[in-house]
Amino acid sequence: MNGTVAEAVRPPRKAQSADFVAWLVTTDHKRIGVLYMCTSFAFFLIAGILALAIRAQLAAPGLSVVGPHAFNELFTLHGTAMIFLFVAPFGLGLANYLVPLQVGAADMAFPRVNALSYWLFVAGGLTVFSGAATNGGAADAGWFAYAPLSDIRNGSGAGMDLWIVGLLMVSAASIMTGINLLATSLLYRAPGMTMWRLPVFTWEMIVTSILILMAFPPLATALAMVFVDRRLGGHFFDAAHGGNPILYQHLFWFFGHPEVYIMILPFFGVVSETIPVFSRKPVFGYVGLVLSALAIGGLSVGVWAHHMFATGAVTNSFFSAVSFLIAVPTGVKFFNWIGTMWRGQLTFPTPMLFSIGFLLNFLIGGITGVIMASPPVDFHIEDTYFIVAHLHYVLMGGSVFAIFAAIYFWFPKVFGFRLGETLGKWSFWMMLPGFNLTFFPMHVLGLWGMPRRVVTYPALAGWAHLNLLATAGSVLLALGVLLTVVNVWLSSRRPTPAGDDPWGGYSLEWVTTSPPPEHNYEWIPAIRSERPAYDMRQTAAKAP
Amino acid sequence: MQFANSGEPAVVRCSLRSFFLRCVPCGLALSGCGSYGPPAGSTRQAQAIHGLWGVLLWTGIAVGIIVYALILWSVLRYRNRSDATPPPQFTGNPPLEITWTVIPLLIVGVLFFLTYRVERYVQDVSPHPAVTVNVTAFRWSWRFLYQGSGKAIAGTPDQPPQLVLPVGQTVRVIVTSQDVVHSFYVPEFLFKRDAIPGVKNAFDLDIAKPGVYRGECAEFCGLSHARMLFTVKAVPAAAFASWMQSR
Ligand code: HEM
Ligand SMILES: [Cu+2]
Ligand SMILES: [Cu+2]
């Protein structure tokens with residue numbers, strides 16, 4: 001065992017270069033998944049560095065660490081990369097790796113389309129960033145690039161065009177991956193793997209994929225229309241020629257809110273896998289978890305205009321009601337996770353710590369979300385730092401903490417060796433306070449009326465203190481993230497073999513070897529529940 | 001418990017002792033009634049919004065405390081005590097699950113009802129406003145035009161304009177933009193409304209307290225977005241009338 005793992009980890013030199021080419025041309029869903037996750041994590045690190053620059057500029061009132069134009073590029077690239085190039089694609093990469101394994105398939109339904117998606121995603125990401133090398137600099141209209149600010153007549157140069165083209169590629173990549181995941185999980189299930197035995201993660205990916213298919217076409221449409229306005233003399237969003245800026249907002253947010261769930265459902269799935277394993281119990285209320293995911297998916301296409309309450313152009317009451325409603329299925333999930341821990345035997349290795357961190361942070365983001373669903377209150381807090389706090393509690397405190405849980409949980413399966421627990425725990429215990437120090441004060445700043453996306457702010461009472469606190473917190477948070485990067489590096493220098501099933505896992509992927517063979521399974525156990533690996537261990541224990 | 005209204009730096013004033021005596025019992029950081037919450041609101045509409053905020057905040061805090069307690073209880077009480085017997089493998093409890101679906105439904109139902117009432121009030125526009133101001137946003141400042149008087153004020157990023165308004169009378173504000181989307185935002189009024197090219201957005205303000213209030217552009221609009229400021233000076237009706245007469 002020991003020997004084989006070491007060999008898998010450090011192949012001889014020649015094999016290494018052959019291996020490199022093999023990675024480039026691979027259509028194996030596991031390799032594509034790993035590439036997807038590594039690439040998106042690289043975008044996370046880059047976007048994180050941009051965020052530190054933003055926090056440096058805002059550490060005190062009146063600084064000029066960067067100028068206003070650079071600042072606008074910074075938050076635009078930060079937001080774009082985090083949303084389009086990190087959180088959402090990391091979820092897709094993880095699904096790429098896990099869904100075929102979890103349903104007992106040998107690969108994705110369309111392996112070559114899968115490779116195409118990945119490379120399109122890489123090209124799209126690089127295209128977005130390449131704007132930074134143009135004369136006018138990178139896109140600078142914010143991650144939702146409202147028209148007509150994004151129009152060429154209002155100043156943004158070639159960087160904006162590259163942003164549009166890059167995101168069109170990313171959209172196409174996402175749509176293809178969505179189709180692939182749907183086909184795989186619906187049609188490529190192993191015998192015995194009925195829909196109601198699919199792991200919750202796979203279920204969440206099914207709903208995510210459906211949302212991708214509904215949300216990305218309108219985004220692509222909106223982007224194409226902006227491009228037509230910019231370069232081909234169109235007037236879709238130009239009020240002076242009968243165009244309508246509100247139309248852009250409708251199209252964008254009809255994508256934008258489902259996108260929010262595209263960025264969170266996969267990670268609801270992650271903690272629905274980790275929490276049961278580390279509580280030594282089956283997940284509580286499997287059917288409830290699946291139904292609530294479907295309910296969230298359905299409701300999430302009916303809330304988009306809660307981003308437009310202050311436009312005065314939408315029926316606020318309708319969108320308010322649906323936004324309130326969507327909190328209910330989210331709440332159901334919370335109670336199910338608590339029910340899973342209830343009367344269990346909890347252990348706290350790093351993936352469980354990050355899962356609990358996810359619960360603690362996401363709850364706050366969910367509560368502020370409900371508060372913003374009330375239009376009169378939103379009239380005050382929209383476009384202030386309160387929104388920034390909210391969206392980071394759900395995205396950073398929620399999705400990203402779950403991403404770290406996923407990294408620590410599945411790393412041994414993917415690479416055959418474990419990540420160090422000591423550094424992992426240090427990483428968690430720095431990220432949790434670092435995150436809260438950074439983002440909690442932003443609620444207060446927003447309530448005081450500090451608008452988002454300002455390059456600097458007046459020295460009003462208390463503003464300097466809270467901003468400085470946020471900047472200090474972001475340093476701690478960054479160091480915590482760095483520890484995990486260091487952990488990966490150190491752990492791969494002295495790999496500790498993981499074995500097939502280091503955690504006592506439940507879903508099918510824990511049955512095969514770590515890393516799994518090219519076709520995933522030499523054999524598949526009988527599947528009689530949503531915990532085939534658990535059932536197999538029970539049967540083995542009972543056998544004489 | 002209002003001590004943030006005087007315009008003085010309330011947080012700076014809030015010593016550690018007074019912090020624990022006043023702020024903490026008042027509901028920790030996000031309390032609606034101290035220096036860590038939104039301004040109390042200087043218009044009648046804002047006061048209604050502030051009340052609604054309080055309800056939402058305290059509901060949120062209550063729900064948060066209950067769920068945090070359940071999580072922390074599970075973590076502490078059920079941590080592995082290394083007894084060999086595996087825990088009970090129960091998989092759900094339908095009556096319980098229905099309960100925790102229905103109760104949140106009721107809670108958000110009530111919140112929506114309260115929201116609806118306040119929203120009706122805030123969005124309501126009077127048929128006979130005393131003063132009507134046309135606000136035009138442009139990159140990167142504001143132009144205020146008092147309807148029926150020809151009085152106009154325009155600013156620049158370096159010289160933010162001042163909007164003078166009467167206290168105790170209904171003011172109609174009609175916002176639009178001449179280039180990109182901006183947003184007319186006065187934090188003390190707990191209110192903003194987007195300024196959109198081609199759209200005339202109207203709302204009413206009933207200012208309750210005289211004072212000078214900070215205003216800002218809330219929708220990102222490019223290079224000098226952060227400098228797109230203005231002030232609102234609310235003066236008694238008589239003073240307003242004589243100001244309108246002046247040049
Ligand atoms: C409990 C469920 C949620 C509710 C009720 C909710 C509600 C809202 C509302 C009403 C807004 C609009 C605020 C405004 O612009 O005035 C908003 C903004 C936002 N939310 Fe959520 N949200 C929820 C969950 C999430 C999740 C899960 C994510 C991401 C993973 C998320 C990410 C965002 C982002 C990025 C924005 C910022 C939009 C902007 O740029 O203005 N939200 N949310
Ligand atoms: Cu939304
Ligand atoms: Cu503006």
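When we screen B:Ser242, B:Ser183 for residues that are more than 16 Å from ligand 1 (Cβ to nearest atom), hydroxyl-bearing (Ser, Thr, Tyr) and either in a strand (DSSP E or B) or open to solvent by 40 Å² or more (accessible area, probe 1.4 Å) (or both), the only hit is B:Ser242. For segment A:324-350, residues that are within 7 Å of chain B (Cβ to nearest Cβ), among the β-branched types (Val, Ile, Thr) and assigned to a helix (DSSP H, G or I) total 3. Here A:Leu479 clears all of (1) farther than 19 Å from A:Ala389 by Cα; (2) in a helix (DSSP H, G or I); (3) open to solvent by less than 20 Å² (accessible area, probe 1.4 Å) except the condition numbered (3). Reported count of residues in segment B:77-129, each being without any contact (Cβ under 8 Å) to a residue 24 or more places away in the chain, within 28 Å of A:Gly285 (Cβ to Cβ) and either open to solvent by 90 Å² or more (accessible area, probe 1.4 Å) or more than 7 Å from chain A (Cβ to nearest Cβ) (or both), is 20.
Checked against the criterion of being more than 30 Å from B:Arg120 (Cβ to Cβ), touching a residue at least 40 places away in the same chain (Cβ under 8 Å) and touching a helix residue (DSSP H, G or I) at 6+ places or on another chain (Cβ under 8 Å), segment B:191-205 has no qualifying residue.
For A:Phe428, the conditions (1) more than 21 Å from B:Ile66 (Cα to Cα); (2) surrounded by fewer than 24 Cβ atoms within 10 Å (Cβ to Cβ); (3) aromatic (Phe, Trp, Tyr); (4) away from ligand 2 (no atom under 15 Å from the Cβ) all hold with the exception of (2). In the set A:Ile407, A:Ile356, A:Ile364, A:Ile381, only one residue is at pLDDT 95 or above and closer than 14 Å to A:Phe440 by Cβ; that residue is A:Ile364. Tell me, which residue of segment A:384-396 that is open to solvent by less than 10 Å² (accessible area, probe 1.4 Å) and near ligand 1 (Cβ under 10 Å from one of its atoms) is nearest to the other protein chains (Cβ to nearest Cβ)? Per the criteria, the residue is A:Thr384. Taking the conditions exactly as written (among the aromatic types (Phe, Trp, Tyr), within 16 Å of ligand 2 (Cβ to nearest atom), open to solvent by 10 Å² or more (accessible area, probe 1.4 Å) and at pLDDT 95 or above), does A:Phe319 satisfy them or not? So A:Phe319 passes the test.
Screening A:Gln249 on (1) within 16 Å of ligand 2 (Cβ to nearest atom); (2) open to solvent by less than 10 Å² (accessible area, probe 1.4 Å); (3) more than 10 Å from chain B (Cβ to nearest Cβ) shows it passes everything except condition (3).
Among the residues of segment A:430-457, those identified as free of Cβ contacts under 8 Å to residues at least 24 places away in the same chain and either more than 10 Å from every other protein chain (Cβ to nearest Cβ) or assigned to a loop (DSSP other than H, G, I, E, B) (or both) are A:Trp448, A:Val454. Here A:Ala321 clears all of (1) away from ligand 3 (no atom under 16 Å from the Cβ); (2) within 7 Å of chain B (Cβ to nearest Cβ); (3) touching a residue at least 60 places away in the same chain (Cβ under 8 Å) except the condition numbered (3). Among the conditions (1) facing chain B (nearest Cβ under 10 Å); (2) open to solvent by 10 Å² or more (accessible area, probe 1.4 Å); (3) within 14 Å of ligand 2 (Cβ to nearest atom); (4) out of contact with any strand residue (DSSP E or B) (no Cβ under 8 Å at 6 or more places or on another chain), A:Ala373 misses just one, which is (2).
The values are calculated or read from the model by the stated rules, or taken from the named source; none is laboratory data. Remember, predicted model here, so these are calculated numbers, not experimental data. Virtual Cβ from ideal backbone geometry, glycine too; neighbours counted across all protein chains shown. All accessible areas refer to the heavy atoms of the entire protein, side chains included, with ligands and DNA or RNA removed. Shrake-Rupley method; radii C 1.70, N 1.55, O 1.52, S 1.80 Å.
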